[in-house]
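Please read the structure below before turning to the comments.
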Amino acid sequence: MDDRVSELIEAARAAARHAHAPYSRYGVGAALRMADGGIVTGTNFENASYGLSLCAETVALATANAQGRLREVVEVAVVAGPIGADGLPAGDVLASPCGRCRQMLNESAQLGGRDLLVHCGAPDGDAVVTYRLSELLPHSFGPRDLGVEG
């Protein structure tokens with residue numbers, strides 16, 4: 001794994017350690033690489049009213065958008081795992097974005113005119129699988145379908 005991907009995976013791991021996941025006990029971290037090389041992170045944020053919970057990727061994208069940078073996302077790393085007795089996510093199962101998050105990532109990708117790289121990792125181990133967003137969300141619907149261009 002190259003250093004840039006390692007850095008992004010580590011940022012997602014660090015974010016996952018701050019997951020607010022008292023109900024699922026499943027911590028998720030996401031890290032976005034921006035066009036200038038900077039990193040924006042997010043973690044899942046659950047709520048007692050389950051439908052109000054936010055995924056890590058959505059939190060990271062909302063943060064980038066709040067900074068006026070939604071169109072600048074070039075790649076994303078996602079790390080997730082069950083939260084252990086020590087309060088930290090663990091395990092070596094590779095995580096990928098859920099369907100809703102794939103759609104949210106697609107919004108940024110289309111507005112930025114990119115096919116994002118999506119790196120899927122785990123809290124433990126070195127295994128990473130990389131996809132293009134178009135592989136994870138084929139035949140996507142997004143801003144272009146509504147006449148909005150990047």
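Worth pointing out:
- Search result, residues across the stretch 54-88 that are within 20 Å of P22 (Cα to Cα), in contact with a helix residue (DSSP H, G or I) (Cβ under 7 Å, 6 or more places away or on another chain) and either open to solvent by 60 Å² or more (accessible area, probe 1.4 Å) or part of a loop (DSSP other than H, G, I, E, B) (or both): C55
- Only one of the numbered conditions (1) open to solvent by less than 10 Å² (accessible area, probe 1.4 Å); (2) touching a Pro at 6+ places or on another chain (Cβ under 7 Å) is violated by M34, and that is (2).
- Qualifying residue in the stretch 43-58 (condition: within 26 Å of G112 (Cα to Cα), charged (D, E, K, R) and in contact with a Cys (Cβ under 9 Å, 6 or more places away or on another chain)): yes
- Check on Q103, farther than 25 Å from M1 by Cβ and either in contact with a Leu (Cβ under 6 Å, 6 or more places away or on another chain) or open to solvent by less than 70 Å² (accessible area, probe 1.4 Å) (or both): yes
- When each of D86, D36 is tested for being over 20 Å from P123 (Cβ atoms) and acidic (D, E), the lone residue that passes is D36.
- Residue pairs whose Cβ atoms lie under 9 Å apart, separated by 6 or more positions or on different chains, with the first residue in the stretch 45-59 and in contact (Cβ under 8 Å) with a residue 24 or more places away in the chain and the second charged (D, E, K, R) and open to solvent by 40 Å² or more (accessible area, probe 1.4 Å), are C55/R100; E57/R100; E57/R102; T58/R100.
Results for (1) surrounded by 12 or more Cβ atoms within 10 Å (Cβ to Cβ); (2) charged (D, E, K, R); (3) touching a residue at least 12 places away in the same chain (Cβ under 8 Å); (4) touching a helix residue (DSSP H, G or I) at 6+ places or on another chain (Cβ under 6 Å), shown as yes or no for each residue.
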{"position": "C98", "(1), (2), (3), (4)": "yes, no, yes, no"}
{"position": "Q110", "(1), (2), (3), (4)": "yes, no, yes, yes"}
{"position": "T130", "(1), (2), (3), (4)": "yes, no, yes, no"}
{"position": "H139", "(1), (2), (3), (4)": "no, no, no, no"}
{"position": "G142", "(1), (2), (3), (4)": "yes, no, yes, yes"}
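- The listed residues are R25, R33, and the only one of them that is at positive phi, at pLDDT 95 or above and of a type in the set (D, E, K, R) turns out to be R25.
The values are calculated or read from the model by the stated rules, or taken from the named source; none is laboratory data. The shown structure was predicted, so the numbers you read here are calculated from the model rather than taken from an experiment. So basically every Cβ, Gly included, is an ideal-geometry build from the backbone, and we count neighbours across all protein chains shown. Please note that ligands, DNA and RNA were not included when accessible areas were found on the heavy atoms of the full protein model with its side chains. Shrake-Rupley method; radii C 1.70, N 1.55, O 1.52, S 1.80 Å.
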